[in-house]
Structure formats: structure tokens, C-alpha cells
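Remarks on the structure that follows.
The values are calculated or read from the model by the stated rules, or taken from the named source; none is laboratory data. Predicted model only: the values in this text are computed from it and were never measured. When we count neighbours, we look across all protein chains shown, and the Cβ atoms used for this are built from the backbone with ideal geometry, even at glycine. Ligands, DNA and RNA are excluded from the accessible area calculation, which covers all protein heavy atoms including side chains. Shrake-Rupley method; radii C 1.70, N 1.55, O 1.52, S 1.80 Å.
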Amino acid sequence: TQLLEQSPQFLSIQEGENLTVYCNSSSVFSSLQWYRQEPGEGPVLLVTVVTGGEVKKLKRLTFQFGDARKDSSLHITAAQPGDTGLYLCAGGPGGNEKLTFGTGTRLTIIP
Amino acid sequence: EADIYQTPRYLVIGTGKKITLECSQTMGHDKMYWYQQDPGMELHLIHYSYGVNSTEKGDLSSESTVSRIRTEHFPLTLESARPSHTSQYLCASSGGGLDTEAFFGQGTRLTVV
């Protein structure tokens, strides 16, 4: 089983602050996704990164895929209460393998 | 917008009852998944399927069973529900190749009393 460890598990910060959450594994992934889940709903895809070293930006969110394709980070600038949610990374080994989800980071932005 | 649907959205049922949670997708995806999740916690994979007539147990042991007779349909069945089965159940599907993004249903919140 390929494991994806996310850190921190819980994070609570004030509105306007910056933050970074991490997704680490000892396995190589062909692609990696980040999802956000709000209470009572299913996770929704934010971004997919495919190339080692790739950086993608989505408004105030910056995603990076590690050079070795074993880890990823999500950086949020000037956090807002609407960013509150459970953030999940997921690795896609490709081929006929199943998608593996990380342990999750529960983010709370305090107004 | 994702075309994957789960029913029912909420279910409260007595101990010992048989239940089936429905999941259907119209995207033609070969891979489908069932996850169990306690509120705000990580997703635990309990079943997955690579295609019709292909099902595998996930990382978390579960007393539930699944079937995949049609590409679009992946129901989950509990023969005898127990309070320990109380949880949220999420169904997802994904395509193949490098682009393996998962699309999720809204989930079924199951309460066994």
C-alpha cells in the first residue's frame, strides 16, 4: 500500500495569514491531485500536477510537485474564511492502480 | 460538473437490516471507488473496481460487499447493519492514464440505531 502522509493534521490561523500544508510519500506517483472537502459534501478537485518540479497557481493557492514526484505542497496566501475545509492530496500511480488519498489537513480560518 | 450520483443522501436504519447504497456515474469511467469517512477525517478505501465484473477489497476491512455488473453502476450492500457501520460513505469514479482525477458523489450519511 502506498501511503501519503499530510502535515499538519490540523491548522487554525487568522484571516490574512499565509500557510503551507505538505503531502509526503516514499513512493513515486505519476500524478498528484489536491482536493478540498466541505462538511457534508464530497471532495472536489482543485488541481492536478504531473511533472516533477511543476508549480501551478490557482488564485491565492500555489501547488508544487516535488522533483522526485514523491511529495507536494499547497501554499495559501492571505487566507480567507472561505478557505476553511479538509484538504486532501491524492496520488495516481497510473496504469491500473487505484488512487491513493492522503491523511488530510483540516484547515480553519478564523475571521 | 461531475455526473456521479449517490442515493440515499441520508439513511437511518435499525440494527440487523439489509441496506444497499446506490452509486451511478454517466462519465463512462472504468474505475470506481467506495470510501468510508468519519466527519472531518481521512478517507478510507473499502472497495474499488477497475471495470465490469472486477472488484477488490480496499485498505480498510469492511463487512460490506459490492458488485459491478454495469460500467455506470457500483452499489454497496450491507447484509446486516450494525451501529459500528454508522459513517459517511462516499462513492467516486476516475478515468485512466495520467489524468486520474476522482469525481465524488455527495455521499450517504448512514446511521444505524
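Would you mind finding the one in B:GLY58, B:GLY107 that is within 11 Å of chain A (Cβ to nearest Cβ) and on the phi > 0 side of the Ramachandran plot?
Step by step, each of B:GLY58, B:GLY107 is checked, and only B:GLY107 is within 11 Å of chain A (Cβ to nearest Cβ) and on the phi > 0 side of the Ramachandran plot.
Take B:PHE74 and decide whether it is within 14 Å of another protein chain (Cβ to nearest Cβ) and open to solvent by less than 20 Å² (accessible area, probe 1.4 Å).
yes
Determine which member of the set B:ASP38, B:ASP59 is of a type in the set (Asp, Glu), more than 15 Å from A:LEU99 (Cβ to Cβ) and open to solvent by 60 Å² or more (accessible area, probe 1.4 Å).
B:ASP38
Would the stretch B:23-34 turn up any residue that is of a type in the set (Asp, Glu) and either within 14 Å of chain A (Cβ to nearest Cβ) or buried (at least 20 other Cβ atoms within 10 Å of the Cβ) (or both)?
Yes.
Give the residues of the stretch A:20-67 that are β-branched (Val, Ile, Thr), open to solvent by less than 20 Å² (accessible area, probe 1.4 Å) and within 20 Å of B:ALA92 (Cβ to Cβ), sorted by residue number.
Correct list: A:VAL47, A:THR48, A:VAL49.
Would you point out which residue out of A:THR77, A:THR62 is within 11 Å of the chain's Cα centre (by Cα) and not basic (Lys, Arg)?
Of the residues listed, the single one that is within 11 Å of the chain's Cα centre (by Cα) and not basic (Lys, Arg) is A:THR62.
Please work out which one of (1) at pLDDT 95 or above; (2) closer than 16 Å to B:HIS44 by Cα is the condition B:THR71 fails and give its number.
Just one mismatch for B:THR71, condition (2).
Which numbered condition in (1) away from chain A (no Cβ under 14 Å); (2) free of Cβ contacts under 8 Å to residues at least 40 places away in the same chain; (3) open to solvent by 60 Å² or more (accessible area, probe 1.4 Å); (4) under 15 Å from the mean Cα position of the chain (by Cα) is the only one that B:ASN53 fails?
Here B:ASN53 clears every test but (4).
Any chance the stretch A:62-81 includes a residue that's in a helix (DSSP H, G or I) and either of a type in the set (Asp, Glu) or away from chain B (no Cβ under 14 Å) (or both)?
yes
Anything in the stretch A:36-84 that is touching a residue at least 40 places away in the same chain (Cβ under 8 Å) and out of contact with any strand residue (DSSP E or B) (no Cβ under 9 Å at 6 or more places or on another chain)? List them, or say none.
Within the stretch A:36-84, A:ALA68, A:ALA78 qualify.
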